[in-house]
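Enquirer: This is the structure I have questions about; it appears just below.
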There are 2 protein chains.
Amino acid sequence: MNADILVIGAQGAGMSAASRAKRKNKNLDVLVLEKGPYVSVGTCGLPYFIGDLVREAKKMEMHDVAFFREQREIPILTRHEVIGIDPGAKRVTALSLDEQKEKVFRYDKLIIGTGSTANRPGISGEDLSRVFVLKTLEDGIRIKSLIDQEQPKNAVIIGAGVIGLEMAEAFARRGLHVTLLKRPGSILRMLDDDMTRLVEEELHRQGVDVCLDVKIQKINGIDGRAVSVTCSGQDYPADLVLLATGASPSTGLARSAGLAMGPFGDIVVDEAMTTSDPNIFAAGDCVAQIHRVSQQAVYLPRGTTANKQGRVAGENAAGGCDRFTGVVGTSVAKIFDLHMASTGLNEKAAREAGFDTAAVQIAHPSHGQTYPNPPPEPITVRMVLEKRTGRLLGGQMIGKFGVGKRIDVLATAVTHGLTVNQIGDLDLSYSPPFAPLWDPILVAANAAAKVI
Amino acid sequence: MNADILVIGAQGAGMSAASRAKRKNKNLDVLVLEKGPYVSVGTCGLPYFIGDLVREAKKMEMHDVAFFREQREIPILTRHEVIGIDPGAKRVTALSLDEQKEKVFRYDKLIIGTGSTANRPGISGEDLSRVFVLKTLEDGIRIKSLIDQEQPKNAVIIGAGVIGLEMAEAFARRGLHVTLLKRPGSILRMLDDDMTRLVEEELHRQGVDVCLDVKIQKINGIDGRAVSVTCSGQDYPADLVLLATGASPSTGLARSAGLAMGPFGDIVVDEAMTTSDPNIFAAGDCVAQIHRVSQQAVYLPRGTTANKQGRVAGENAAGGCDRFTGVVGTSVAKIFDLHMASTGLNEKAAREAGFDTAAVQIAHPSHGQTYPNPPPEPITVRMVLEKRTGRLLGGQMIGKFGVGKRIDVLATAVTHGLTVNQIGDLDLSYSPPFAPLWDPILVAANAAAKVI
């Protein structure tokens, strides 16, 4: 089979690329190969699927195969696992999992969107049943089925990044007692320590047992099933264990094809999302990004980044000329009743990037005291700045509400190199239901202006 | 009596100026004269006070006289109405309303924060009792007392700016039927017509009778009390009438003192908030602002602007060197179940300012479909851009939630001249409870990029 543009992977990057290429030139044959049964999965929503806010697995697809076929004229072959890329012959070999036969696809341009794989930390017992990772919808279905069918009582989460903490909430919502184990290093490493403390307090309030800086020794099993985790000499009962220790680029195919690889095991791409082979593009979690503040390569897999990169790859594969300009690592997460957001560099990352930094941290009400419905709650804002110039390098926010999109003001400021004085001068929106007279951002910027 | 820094007006601008001056140099004698009984009133919260979300008038003061005296060592003389400024002798004469006697105050530096006065449109009958304006807390108390004591049934609001619409909600909350009358011109003139329609629909849904483009003939009274409003030949029953037709600078004192006056009846100031007299500063609703997009003088009274300008005036009166950089006219308001926000220039204003403009308008979900708690609602985003360069000139948003602080991203972009391509590249926060994968801002920016 031949395709003008062949896409490997029908998730965020791949489908964004395919859609963009087809929109650019509807006469192109665009074909997508996907190893799994689901396409265009809203992976970031998996904690809400497991938490049962979303009941059906099917609803986790942003769009399904029929939508892409009928609305966008993009055929997708699901359950087709690519097993080899031959860049010289411009040929891809895939195994049809249902037919159990190999098929060869010729391409003019190839777009790789193979995503990432959950890290396995190498703990004894991590292959026992009831030990899970959470990366795909299939992973989510497995975890949810176990909860539905066996009503487990105790969950142990290993790792304390965004997914670990969102899953602590999901498990608690499903009635499980949660123990969160974290090897040395802080929780939510995008935050500085003075901010993570607020999250730790919330976890305690919500009844999550948090054990930080522990040595995770082994996962113990009976009859091949995990039953507890031994950690710094103590045993924690575990009807299920979630390994939430990050993800790495899925790039075995690209490596075997001889494409240039980067320091994170990522496929090297330029701003046009072109790999070391001019006919092959890559986008999404299988590539790294340039951080717009440090100008260094980082590996910050995000659905938003994957979609933006896919769009650039698709445009260029279809003959266009677009550029992906990089990231500032913006994050937001709901962790029980707290909202946590960050953008740019934290203090540690800013120092490592060679900046002479200062940081300020303030707390100020979310909105006006004359609109007590609900009453205002403090928003803690931390700003990391370059001491000499006052340029904002990063921002962090934690609060019960009003954090999710406020961080985007700082993402914009960080991206365009605004100083804290310029931020303090911003004409931000005010009305009692939405903000206090001095928005927490302005209060933080004014405090930061004093330390320049 | 002598003061190093004398401040006229103990509201946003005045108290912000006084506080800043005292912080700059605590040895300065700073004295504030206020005509009314209340200080530092959160005027923007008056609709929520009248709507009874806030019960006590006292709670409408952000800080009270005792706070300023004890915490900031700033004495305030309330019920002291300034009746004359003598710039030559550096002397102010005030009438103590309680003592009914005149007092003279000498100053080294004077800061004028006399605010604004509600416009009276000049309709026959507008002086009847039960015809109100809403500018001060005393106005609010009068309206609220009438509702508490007489349980009126019908309110007519003349004018359809933010205050008129917020008051429609407040009256409806108190059980009144509301008729909104608007003379020729659109409601919420910061919005383009395609956006105001969404607000009109909401008013209809909420049972408000909206009569636009009408000729308001007279307010009819019996025994000196308003009872109905005649408008385009029809009579609307009115147990109370609210005139919400904007505000103008309160600058009689400054004019009499010979200070230079601007085109809005405003006191002319420079970036340092200095008036035409180098020893006199002015800040807040009694001055105009420079719009950072059009670079033209505008009169956009806002609590946030008053506070920022007050801070600059206070700093400079105390010997410092600060600058007020101007506004972009950012607004946000809750109008029943809709949130409305805008920043920068709308299409009409952009054309009038000489820009070759284009506009795009899209609707996109507030957050991810995998977080249906509550389900996502569309946010309508309108962007006004300079066609040649793609520079964002203004933005407007309407939705049920997620609008209030999202507009601040556009306020930041407009202020710093970002193009819609640059906005489309922003690394904005994403997680299903907070945003869809493509934030409505990015969707609008990508749509706008196509019309450059």
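The values are calculated or read from the model by the stated rules, or taken from the named source; none is laboratory data. Computed from a prediction, not measured in an experiment: that's the story for all the values here. Using ideal geometry, Cβ is built from the backbone for each residue, glycine included, and neighbour counts are taken over all protein chains shown. The accessibility values were calculated without ligands, DNA or RNA, using every heavy atom of the protein model including side chains. Shrake-Rupley method; radii C 1.70, N 1.55, O 1.52, S 1.80 Å.
Enquirer: So how far, in whole Å, is the C-alpha centre of the stretch B:401-452 from the one of the stretch B:277-320?
Expert: 29
Enquirer: Using R₀ = 30 Å, calculate the FRET efficiency as 1/(1 + (r/R₀)^6) where r is the Cβ-Cβ separation of B:N25 and B:K400; round to 0.05.
Expert: On the way: r = 48 Å, r/R0 = 1.60.
Computed FRET efficiency for B:N25 and B:K400 comes out at 0.05.
Enquirer: Subtract the Cα-Cα distance of A:K59 and A:R388 from 0.36 nm times their separation in residues, and report this length gain in nm to one decimal.
Expert: Numbers: separation 329, 0.36 × 329 = 118.44 nm, distance 5.02 nm.
Length difference between fully extended and current span is 113.4 nm.
Enquirer: I need the inter-copy label distances for B:P184: point set 7 Å along Cα to C-beta, values in nm with one decimal, smallest first.
Expert: Listed shortest first, these distances are 7.8 nm.
Enquirer: Quick one: accessible area per residue over the stretch B:211-302, 1.4 Å probe, rounded to a whole number of Å²? Numbers along the way, then the final one.
Expert: Working: 3860 Å² over 92 residues.
Accessible area per residue, the stretch B:211-302: 42 Å².
Enquirer: Related question: For chain B, state the semi-axes of the equivalent ellipsoid (square roots of 5 times the eigenvalues of the alpha-carbon gyration tensor), sorted largest first and rounded to whole angstrom.
Expert: Details: eigenvalues 273, 181, 82 Å².
Ellipsoid half-lengths, sorted descending, are 37, 30, 20 Å.
Enquirer: Still on this structure, I have one more. Just the Kirkwood number for the stretch B:292-422, please: inverse of mean 1/r across all distinct Cα pairs, in Å, one decimal. It would help to have the intermediate numbers written out before the result.
Expert: Values: mean 1/r = 0.0618 Å⁻¹.
Final number for the Kirkwood radius of the stretch B:292-422 is 16.2 Å.
Enquirer: Shortest first, in nm, what separates the label point of A:D148 from those of the same position in the other copies (7 Å along Cα→Cβ)?
Expert: Taking the point 7 Å beyond Cα along Cα→Cβ, the inter-copy spacings are 5.6 nm.
Enquirer: To the nearest hundred square angstrom, how large is the accessible surface buried between A and B, total for both chains, probe 1.4 angstrom?
Expert: By this definition, chains A and B bury close to 5600 Å².
Enquirer: Could I ask something else about it? In a shell of Cβ-Cβ distance under 11 Å around A:H339, excluding A:H339 itself, what net charge do Lys and Arg (+1) and Asp and Glu (-1) give? Mind showing how you got there, number by number?
Expert: Working: positive: A:K334, A:K400, A:K405, A:R406; negative: A:E202, A:D337, A:E377.
Value of the local net charge: +1.
Enquirer: When DSSP assigns beta bridges and you keep just the ones with both residues in the protein assembly as shown, what percent turn out antiparallel, to the nearest 5? Before the final figure, lay out each step's value.
Expert: On the way: 116 of 181 bridges.
The antiparallel fraction comes to roughly 65 percent.
Enquirer: Can you run phi through the Karplus equation (6.51, -1.76, 1.60; θ = phi - 60°) for the stretch B:91-97 and list ³J(HN,Hα) in whole Hz, with x for Gly and Pro?
Expert: Running phi through 6.51 cos²θ - 1.76 cosθ + 1.60 with θ = phi - 60° gives 9, 10, 10, 10, 9, 6, 5 Hz.
Enquirer: What is the magnitude of the charge dipole of chain A about its Cα centre, with +1 placed on the Cβ of each Lys and Arg, -1 on the Cβ of each Asp and Glu, and no other charges, expressed in debye to the nearest 20? If you can, show how the numbers build up before the last one.
Expert: Values: 51 positive and 51 negative charges, 94 e Å.
The dipole of chain A has a size of about 460 debye.
Enquirer: Another question, if that's okay. Computing the accessible area with a 1.4 Å probe over protein heavy atoms, can you report the carbon and sulfur percentage for the protein assembly as shown? Please report the intermediate quantities before stating the final value.
Expert: Values: 15900 of 34240 Å².
Ligands and nucleic acids excluded, carbon and sulfur reach 46 percent.
Enquirer: Quick one: net charge around B:V131, please, counting Lys, Arg +1 and Asp, Glu -1 for every other residue with C-beta under 13 Å from its C-beta. Don't jump to the answer; show the numbers that get you there.
Expert: Values: positive: B:R120, B:R130, B:R142, B:K218, B:R225; negative: B:E126, B:D127, B:D139, B:D239.
Spelling it out: positives minus negatives among the neighbours equals +1.
Enquirer: Also, I was wondering about something else. Express the C-alpha Rg of the stretch A:253-342 as a ratio against the empirical globular expectation 2.2 N^0.38 Å, rounded to two decimals. Could you put the intermediate results ahead of the total?
Expert: On the way: Rg = 14.4 Å, N = 90, 2.2 N^0.38 = 12.2 Å.
My calculation over the Cα atoms of the stretch A:253-342 gives 1.18.
Enquirer: Alpha carbons only, please: Rg and Dmax for the stretch A:328-378, in angstrom.
Expert: Considering the stretch A:328-378 through its Cα atoms, Rg and Dmax are 15.3, 45 Å.
Enquirer: Sticking with this one: Along each principal axis of its Cα atoms, how long is the stretch A:29-181 end to end? Whole angstroms, biggest number first, please.
Expert: 53, 38, 28
Enquirer: Let me know the volume per residue of the alpha-carbon convex hull for the stretch B:1-107, in Å³.
Expert: Working: hull volume 11.8 nm³, N = 107.
Spelled out: Cα convex hull of the stretch B:1-107, divided by residues, is 111 Å³.
Enquirer: Once R0 is set to 35 Å, what does the formula 1/(1 + (r/R0)^6) return for the Cβ-Cβ distance between A:E99 and A:D270, expressed as a FRET efficiency to the nearest 0.05? Each step should come with its number before you reach the end.
Expert: On the way: r = 37 Å, r/R0 = 1.06.
Efficiency, from the Cβ-Cβ distance: 0.40.
Enquirer: Nothing charged except the Cβ atoms of Lys and Arg (+1) and of Asp and Glu (-1): what's the magnitude of the dipole of the stretch A:266-423 about its Cα centre? Round to the nearest 20 debye.
Expert: 540
Enquirer: While we're on this one: Which of the helices in chain A, when you take each full DSSP H run, stretch at least 20 Å along the axis at their Cα atoms and have an average Kyte-Doolittle score of 1.6 or higher?
Expert: Numbers: long enough: A:303-317 (21 Å, -1.03).
Result, helices passing both filters: zero.
Enquirer: Right, another one. Too long at a 31 Å Cα-Cα cut-off: which of B:K153/B:K215; A:K387/B:K387; A:K22/B:K334? Can you show the working numbers first?
Expert: On the way: B:K153/B:K215 23 Å; A:K387/B:K387 38 Å; A:K22/B:K334 41 Å.
Violating the 31 Å Cα-Cα cut-off are A:K387/B:K387; A:K22/B:K334.
Enquirer: Ignoring ligands, DNA and RNA, what accessible area per residue does the stretch B:342-382 give at 1.4 Å, in Å²?
Expert: With all protein chains present, the stretch B:342-382 gives 42 Å² per residue.
Enquirer: When each copy gets a label point 7 Å from Cα toward the beta-carbon at B:T389, what are the spacings between them in nm, shortest first?
Expert: So the label point of B:T389 gives 2.1 nm to the other copies.
Enquirer: Assuming 0.890 mPa s and 25 °C, estimate D for the protein assembly as shown with Stokes-Einstein, Rh taken as the Kirkwood radius over Cα pairs, in µm²/s. Could the numbers behind the result be given before it?
Expert: Numbers: Rh = 29.9 Å.
It comes out at roughly 82 µm²/s.
Enquirer: Out of all DSSP beta bridges with both ends in the stretch B:88-219, state the antiparallel percent to the nearest 5. Can you show the working numbers first?
Expert: Values: 6 of 15 bridges.
Approximately 40 percent, going by the DSSP bridge assignments.
Enquirer: For the stretch A:192-324, take N as its residue count and report Rg(C-alpha) divided by 2.2 N^0.38 Å. Let's see the in-between values first.
Expert: Values: Rg = 20.8 Å, N = 133, 2.2 N^0.38 = 14.1 Å.
Working it through for the stretch A:192-324, the quotient is 1.47.
Enquirer: Per residue, how much accessible area does the stretch B:103-209 show when a 1.4 Å probe rolls over the protein heavy atoms, in square angstrom? Before the final figure, lay out the partial values.
Expert: Details: 4430 Å² over 107 residues.
Here the per-residue accessible area is 41 Å².
Enquirer: At 7 Å along the Cα-to-beta-carbon direction for both B:I290 and B:R173, put a label point, then send me their distance in nm to one decimal.
Expert: With each label point 7 Å from Cα toward Cβ, the separation is 3.9 nm.
Enquirer: Set the Förster radius R0 to 60 Å, insert the Cβ-Cβ distance between B:E70 and B:R255 as r into 1/(1 + (r/R0)^6), and round the FRET efficiency to 0.05. Each step should come with its number before you reach the end.
Expert: On the way: r = 36 Å, r/R0 = 0.60.
After rounding, the FRET efficiency stands at 0.95.
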